[in-house]
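J.: Structure below; questions to follow.
No lab work stands behind these numbers, since they all come straight from the coordinates. Quantities reported herein were computed from a predicted structural model and do not represent experimental measurements. Ideal geometry is used to build each Cβ from the backbone, glycine not excepted, and the neighbour counts take in all protein chains shown.
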């Protein structure tokens, strides 16, 4: 199978963001991954609506927006207005999860749920059929450049099994420490979408790196 690739703009050069966006536009990447951090749910602050709007004006591929923030339900309509195609909220940040997923879809976006490293996948069993995507955090959220958590492979395999058992069509996305060495192993474990930040934007040839991440891998499932 051939994974989708979503370069994470968290690792882009914000001093010359237009150039990095144009590189992704020209590449074989599938989505732009945009992390929104509020300094409350995670100990960091990233970008706000003005920057997201600027990205939307330049981006020629869908915006995959990951909300690492408390009370995301207050801002769903605004993220729809600023161009999010996929909107992912954290399981740990939402009380009425089914309602939020329904609202995201009603606003015309694909709906995703993200799980922190400590959160087990079986908690999604009842809502999986309603999801378009599950984002497995393979590092602790909040900062780029962290080391990949090795136990994530088993978590991904469990989620792949649960998706089959529930008849869900949800994609599995991973974010954190993804590189050219572990990408094939992640795809074999069941991942559909690879988010890569430093691996892409710190490489000598980012466009080629995206191409290498997206190479087909023989599934073992």
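J.: Among DSSP bridges having both ends in the chain, what percentage is antiparallel? Round to the nearest 5.
T.: 5 percent
J.: Given Cα pairs under 8 Å that are at least 6 residues apart, what percent is the relative contact order of the chain?
T.: 24 percent
J.: So what is log10(I(q)/I(0)) for region 109-221 at q = 0.11, 0.13, 0.15, 0.22 1/Å, when the Debye sum runs over its Cα atoms only?
T.: Debye intensities relative to I(0), on a log10 scale: -0.34, -0.47, -0.63, -1.25.
J.: Stretch residue 2-residue 207 to full length: gain in nm at 0.36 nm per residue minus the Cα-Cα span?
T.: Full extension of this stretch gives 72.1 nm more.
J.: Rounded to the nearest 0.05, what FRET efficiency do residue 81 and residue 125 have when you use their Cβ-Cβ distance and R0 = 30 Å?
T.: 0.40
J.: Tell me, how many Å apart are the Cα centres for region 87-138 and for region 1-71?
T.: Comparing the Cα centres of region 87-138 and region 1-71, I get a distance of 19 Å.
J.: Compute a Gaussian network model of the chain, connecting alpha carbons closer than 10 Å, and tell me which residue from 141, 206, 120 fluctuates the most.
T.: 120
J.: Return, ordered by residue number, the residues of region 25-44 whose backbone nitrogen is under 14 Å from a label point located 7 Å along Cα→Cβ of residue 14.
T.: Hits in region 25-44 for residue 14 at 14 Å: 34-39, 44.
J.: Send over the per residue convex hull volume for the chain, Cα only, as a whole number of Å³.
T.: 109 Å³
J.: In addition: Across every pair of different alpha-carbon atoms, what Kirkwood hydrodynamic radius in Å does region 66-143 reach?
T.: Computed over Cα pairs of region 66-143, the Kirkwood hydrodynamic radius comes out at 12.6 Å.
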